[in-house]
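The structure appears right after this line, and notes come after that.
The values are calculated or read from the model by the stated rules, or taken from the named source; none is laboratory data. Keep in mind that what you see is a predicted model, and the values were worked out from it rather than measured. We place every Cβ from the backbone using ideal geometry, glycine too, and count neighbours over all the protein chains shown.
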Amino acid sequence: MTSLERTLATVRGETPDRLAAMPIFMIWAAQNLGRSYADYVRDYRVLVEAQLRLLHEFPLDTVQTISDAWREAADCGTELVYYDDSPPACREHLLADKGAFARLRRPDPLGGGRMTDRVRACAALGERVGGDVPILGWVEGPIAEGADLRGMNAMMLDLVDDPAFVEELFDWIAELEIAFARAQIEAGADVIGMGDAAASLIGPGFYERYVLPREQRIFAAVHEAGALARLHICGDTNGLLPLLGRTGADIVDLDYPVDLEAARRHLGPQLTILGNFDPVRALQRATPEAVFAACRRCHRQAGPPYIVGPGCEVPPGTPRANIEAMFNYAAQAAPSAP
């Protein structure tokens, strides 16, 4: 099977030839290419070459355009600071004064900004490996993008103090992300990942009211455009597990605080789980033998359908032998739980 065939078989509930492995590589990928992370996030050509080098060095089942959470916010007008060895950060939140929302214009994903750079990455990867390896595009989720624009503390207070504003903002964001997702799919993306990390900081009531309907809307548009949907929420989402299966995602990434056995009970037997060993303690600071064992433990707890990977990004400084252990497990384990 090709990596794309393997991925499709997994999410369809069929039996792939082996487990797919889809760890997220960002800073590690840039450093592996010998480039700064500022270059990686600002120039799609650097990102593409870094991802293709990973594909040459490891039996990776995806190439990825995920890099940082600020592409949409930057095109809205947020000023960013770039760093050589870490993700960019904003100087000031664009909607720190929420009155500015009335003047905010939704940017065009093909307007030449940072979103366009990601679209170009999808197209370039499609030219090189399209049809064989899944190309992962990426968008921000409703509350993650809301926090980027508004600021995390203000966004959390808005959930309580100004529900009407939250509803309007999240609807605006959903339309932006749908347009961004479609542009990436048209350029060659086979999967659209959605990062909605701030969702792990709210309770299920707020999630079900404000976030879930917009995630559903975005993923419905992703499916309509012909791609798979992958949901990535960093942190402790144990309290959200009964709701995550309703998002429409084909693949759900779970971070290391999440109980995988409980996740499988709540998410059901059809949804593909990815994760979720600790990226630092069980990957970066572990031995290859311990990484292999962590993969086996997660696979056993989650059961099929399952994709190998840590709970979040492969941290910089992770030994190559530990990364190889992940792929060794994927190659050697039966797709059914051991």
Looking at the stretch 241-272, which of its residues are surrounded by fewer than 17 Cβ atoms within 10 Å (Cβ to Cβ) and of a type in the set (Val, Ile, Thr)?
none
Looking at the stretch 199-213, can you tell me whether even one residue there is touching a strand residue (DSSP E or B) at 6+ places or on another chain (Cβ under 7 Å), buried (at least 19 other Cβ atoms within 10 Å of the Cβ) and either of a type in the set (A, V, I, L, M) or without any contact (Cβ under 8 Å) to a residue 40 or more places away in the chain (or both)?
yes
Would you point out the residue of the stretch 136-154, among those that are without any contact (Cβ under 8 Å) to a residue 60 or more places away in the chain and of a type in the set (A, V, I, L, M, F, W, C), that is nearest to Arg182 (Cα to Cα)?
Ala147
Out of the helices (runs of 4 or more DSSP H) lying entirely within the stretch 196-277, which hold 2 or more residues that are of a type in the set (D, E, K, R) and more than 14 Å from the chain's Cα centre (by Cα)?
212-224, 260-267
Quick check on my filter: what residues within the stretch 11-36 are among the polar types (S, T, N, Q) and assigned to a loop (DSSP other than H, G, I, E, B)?
Thr15, Ser36
Looking only at the stretch 131-183, count every residue that is surrounded by fewer than 21 Cβ atoms within 10 Å (Cβ to Cβ), among the charged types (D, E, K, R), under 23 Å from the mean Cα position of the chain (by Cα) and not in a helix (DSSP H, G or I) and tell me the total.
1
Residue ID - nearest to Val166 (Cα to Cα), chosen from residues in the stretch 102-124 that are hydrophobic (A, V, I, L, M, F, W, C) and assigned to a helix (DSSP H, G or I)
Ala102
State which residue is nearest to the chain's Cα centre (by Cα) when the search covers only the stretch 33-45 and only residues that are crowded, with 21+ Cβ neighbours inside 10 Å and over 18 Å from Ala183 (Cα atoms).
Val41
Given the structure, is Ala330 small (Gly, Ala, Ser), buried (at least 23 other Cβ atoms within 10 Å of the Cβ), in contact with a Cys (Cβ under 9 Å, 6 or more places away or on another chain) and modelled with pLDDT of 95 or more?
yes
Listed residues Ala69, Ala96, Ala74; which is more than 23 Å from Phe180 (Cα to Cα) and at pLDDT 95 or above?
Ala96
Residues in the stretch 296-323 that are farther than 20 Å from Thr237 by Cα, of a type outside the set (S, T, N, Q) and in contact with a helix residue (DSSP H, G or I) (Cβ under 7 Å, 6 or more places away or on another chain) total 5
Inspect the stretch 110-120 for any residue being within 22 Å of Ile233 (Cβ to Cβ), surrounded by 14 or more Cβ atoms within 10 Å (Cβ to Cβ) and at pLDDT 95 or above and give the result as yes or no.
yes
